[in-house]
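These notes concern the structure reproduced below.
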Amino acid sequence: MISRFGLGTMLVAALGLAAVSCSSSSTSILAPASSSTVRSSTTGSSPVGSSTTSSSAVGSSTTATVAPQRHSSMPTRPAKTVSQLSSNWAGPVLIGGIYDQVQTTFVIPRALCSAKDSDASFWAGIDGGGTSSTVEQAGVRESCVSGTASYVAWTEEAPAPEDDIDPAQFPVSPGDMIALTVIVNETTDAYTLDDVTSGSIDTVSATAPAGAADNSAECVAEAPTGAQGVLTLTDFGAVTFSNCDVKVVGPVAAADCHLVTGDGCPPGSQIVFSNIGRRKIISTKVKAETMVTAGGGFTVTWHHT
């Protein structure tokens, strides 16, 4: 069983510090979980809860506006950016506000399997990095079992376990460009997974989990967690997220926050850039490193299992 429930405490707590590098001097990072899932298959339009195949513009995803909002508050303290070492997350996490949508686009990297079984996930979500007891996430997992790689899309609303999408319904492959959109509201959450390369779109509607705080938003490359703890991280080489955009719930209307650059992010929020690794007595071993790239994206590079 793969699960991301309860990782917020792990991430927000000070597990140690790790530097976040910038590949372009012009890029700034300074302003910076149970539910019933419903799916149906149709051809043509993409209502929430259906799976369709259609053409799609690069990096775009069509989603319906969801209302009403769960919250309507706005922080007032200045925004700031920090870096941190995590046992299983790499990427930016936005905390300190209320958020109702996150969107990202990335290309699925090819898993480089060894004799040891391993996993890696790439996803976007709400909650998980803050104080909420729930998560609302969607992404792609690649697994190596007995030296053979497999790729599957999934959604998750913890405390329920990850819900894999049938590969016959929505197949994904290395090299495919995937656009993810997660929208949350008071009653129903909506997930759109758009395989820009194949033109296939899967949309999932799920009952909003009780007690969702919606107080973090993130785009993450992860070493998933199983029954025995954090799993061995698959060697994925590198994965580039071209963006990570968040809708911030405010007193008037949702605003766009570009999580990597910090543009549009509200006062009072904090952006935490994480690397996967662990701190030893005299050294730090980084398994996957986050690097900001030009144009508002970031790359996570695998270093160790």
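Some notes on this structure:
- Count of the stretch 212-223 residues, restricted to those that are modelled with pLDDT under 95 and within 13 Å of residue 305 (Cβ to Cβ), is 0.
- Strands (runs of 3 or more DSSP E) contained in the stretch 200-272 and holding at least 1 residues under 24 Å from residue 142 (Cα atoms): 200-207, 216-222, 238-248
- Filter result (modelled with pLDDT of 85 or more and more than 28 Å from residue 87 (Cβ to Cβ)) within the stretch 250-283: 256, 263, 264
- Odd one out for residue 202, checked against (1) crowded, with 24+ Cβ neighbours inside 10 Å; (2) within 20 Å of residue 240 (Cα to Cα): (2)
The values are calculated or read from the model by the stated rules, or taken from the named source; none is laboratory data. These figures come from a predicted structure and were not determined experimentally. Heads up, the Cβs are rebuilt from the backbone with ideal geometry, glycines too, and the neighbour counts pull from every protein chain shown.
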